[in-house]
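The values are calculated or read from the model by the stated rules, or taken from the named source; none is laboratory data. In this text the structure is predicted, and so the values were computed from the model without any measurement. Note: ideal-geometry Cβ built from the backbone for every residue, glycine included; neighbour counts use all protein chains shown.
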Amino acid sequence: MIPFNLERAESLEQALEFLDRDGTEVKIIAGGTDLMVELREISPGEKGPGTVLDITPIDEIRGIKDDGSTITVGALTPHREISSSPIILQYAPLLASACSTVGAAQHRNIATIGGNVINGSPAADSVPALVALNAEAVFQSKSGERVSLLKDIYLKPYQTDIKDDEILTAVRFPRLPEGATSSYIKLGRRNALAISRMNVAVVLVIKDGEITEARISPGSTTPTPDRITTAEELLIGKEPSEELFRRAGQAVSEEMINRSGRRWSTPYKEPVIAALTARALGEAAGEGV
Ligand SMILES: Cc1cc2nc3c(=O)[nH]c(=O)nc-3n(C[C@H](O)[C@H](O)[C@H](O)COP(=O)(O)OP(=O)(O)OC[C@H]3O[C@@H](n4cnc5c(N)ncnc54)[C@H](O)[C@@H]3O)c2cc1C
């Protein structure tokens, strides 16, 4: 592995101070489950970060808070804590499901939601769930706070708009509305310790037998994470049925091709994301559909 200088920040203020200084390229490390792999891939002689900044002692950006309408998850919160949090299980169960599928148990104890978001992998499990929750990303720098819709921070796969002097401090989202149901489905090559091949998060609100709200957020489908409004609109005002959900799944496939074009993976992805979406909607709608 290439040599680098390791620094540790004991507080957010100290970390921001450090990032604000000019000097060698600094890489933040949280759980390190993505970053260490990345650093190991840099060959001797190639340019890597001069400094790695360990932010794990910063308690201010860890933990889950609920103010009665908005839930805030600190960037350093590990997937295990999120997947077993009573707040998340009650008000955002799709995020608990998504985080429970990340890596293996030991892995979920240290890998953080902030790292998952900023790494920007199209296969990241927490991101489709966060997009379906209409989450915001909260960044902090010496010059202040910046808040952005989480889906808008992605420029392309593995690249977000985070600035060199910023830290992601939290993701936050409104509680799901009363009566909402949801589902998160991940398709990997194995049932355990597998990166998503494709995944999808959905939210439904059904009132008097009619769908009044629908959110569909697929992963590894569009160039950057997003909800598929064409498929969502198709569901509004309709009675849930297998046929309706099949058509919504088809609409997600069509939107994938509109945005990404036909590629080598399309013959696989086209039917698979349609089927995953229909299955997730069926799961969210519950028995009888
Ligand atoms: C064996 C293995 C299995 C895996 N399985 C899965 C899986 O099933 N699903 C999945 O989604 N991912 C998986 N991953 C990827 C990884 O574990 C997750 O993305 C994890 O959430 C990353 O979090 P971390 O805390 O380890 O991030 P780190 O590796 O510490 O950081 C990742 C990136 O984010 C930046 N960063 C981290 N925190 C912040 C912050 N607060 N502010 C600004 N920048 C920050 C770092 O600089 C780095 O660029 C797997 C990885 C491995 C090695």
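Before moving on, here are some points about what is shown:
- Where residue 206 falls short, out of the listed (1) in contact with a strand residue (DSSP E or B) (Cβ under 9 Å, 6 or more places away or on another chain); (2) modelled with pLDDT under 95: (2)
- Of all the criteria given as (1) more than 9 Å from the ligand (Cβ to nearest atom); (2) over 20 Å from residue 60 (Cα atoms), the one not satisfied by residue 123 is (1).
- Of all the numbered requirements in (1) near the ligand (Cβ under 8 Å from one of its atoms); (2) of a type in the set (Val, Ile, Thr); (3) surrounded by 24 or more Cβ atoms within 10 Å (Cβ to Cβ), residue 101 misses one, and that requirement is (3).
- Residue in the range 86-98 that is surrounded by 14 or more Cβ atoms within 10 Å (Cβ to Cβ), farther than 25 Å from residue 196 by Cβ and near the ligand (Cβ under 10 Å from one of its atoms) present: no
- Qualifying residue in the range 241-255 (condition: outside any helix (DSSP H, G or I) and at positive phi): no
- Strands (runs of 3 or more DSSP E) lying entirely in the range 1-80 (those with 3 or more residues that are among the hydroxyl-bearing types (Ser, Thr, Tyr) and surrounded by fewer than 13 Cβ atoms within 10 Å (Cβ to Cβ)): none
- Listed by position, the helices (runs of 4 or more DSSP H) contained in the range 82-156 that have at least 3 residues being closer than 13 Å to residue 226 by Cα are 126-132.
- Scope the range 149-160; condition more than 12 Å from the ligand (Cβ to nearest atom) and surrounded by fewer than 17 Cβ atoms within 10 Å (Cβ to Cβ); matching residues: 149, 152, 155, 156, 157
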